[in-house]
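Below: one structure, written as structure tokens.
The values are calculated or read from the model by the stated rules, or taken from the named source; none is laboratory data. Model, not experiment: these values are computed from the prediction. In this analysis, Cβ positions are derived from the backbone assuming ideal geometry, glycine residues included, and neighbour counts consider all displayed protein chains. For the accessible areas, the whole protein counts, side chains as well, though only heavy atoms, and no ligand, DNA or RNA atoms are used. Shrake-Rupley method; radii C 1.70, N 1.55, O 1.52, S 1.80 Å.
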Amino acid sequence: QSLAPLWAKRPDDRLSVEGPDILIPADRAASWAMALHELSMNALKHGAFRTPGGRVTIQWEQPSHGRLRFRWIERDGPAVTVPAQRGFGSRLIESLGRELAGCASIEFDPAGIICTIDAPLLQAYEIL
């Protein structure tokens, strides 16, 4: 649901979402929603969705029971350079990783931002 407004604006192949259906526990949902919001707004203002051909791929998997590995990958947007200092968004994403008792990293690949969050879900339930 957090991505619904973004999906509505990008009904074409510019946004790809890949992963099994999962339920995020209520005590972790706000942190995940904040991370998705920050990544989405950054893509619209500065990243892949700023240019007509830019694309975002969102992937997640459960590498082991109770863990979630999430990746946000931007491609074909403006060239990315490593910032001289960490901005608010980078610090927010990294702090959310810690809040989720996991880790978050942002790679400033020249081809596009790659954000990875690996965190426990605690009570992960797969939707059948």
Query raised in the report: Name the residues in the stretch 93-128 that are open to solvent by 10 Å² or more (accessible area, probe 1.4 Å) and modelled with pLDDT under 85, would you?
Result: LEU122, GLN123, ALA124, TYR125, GLU126, ILE127, LEU128
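Just to verify a result, which residue in the stretch 72-104, among those that are in contact (Cβ under 8 Å) with a residue 12 or more places away in the chain and among the hydroxyl-bearing types (Ser, Thr, Tyr), is nearest to VAL17 (Cα to Cα)?
Step one: filter the stretch 72-104 for residues in contact (Cβ under 8 Å) with a residue 12 or more places away in the chain, giving 72-83, 89-90, 92-94, 96-97, 99-104.
After this cut, where a residue has to be among the hydroxyl-bearing types (Ser, Thr, Tyr) as well, the list is 81, 90.
Working: THR81: 25, SER90: 22 Å.
The qualifying residue nearest to VAL17 (Cα to Cα) is SER90.
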Report summary line: Of (1) over 16 Å from MET41 (Cβ atoms); (2) at pLDDT below 95; (3) of a type outside the set (Ser, Thr, Tyr); (4) open to solvent by 30 Å² or more (accessible area, probe 1.4 Å), ARG75 fails just (2)
Query - Positions within the stretch 51-72 being over 28 Å from ALA29 (Cβ atoms) and either open to solvent by less than 50 Å² (accessible area, probe 1.4 Å) or assigned to a strand (DSSP E or B) (or both), in sequence order - result: THR51, GLY53
Report task. Please find, within the stretch 1-50, the residue that is modelled with the lowest pLDDT out of those that are open to solvent by less than 50 Å² (accessible area, probe 1.4 Å), among the charged types (D, E, K, R) and assigned to a helix (DSSP H, G or I). Result -> ARG28
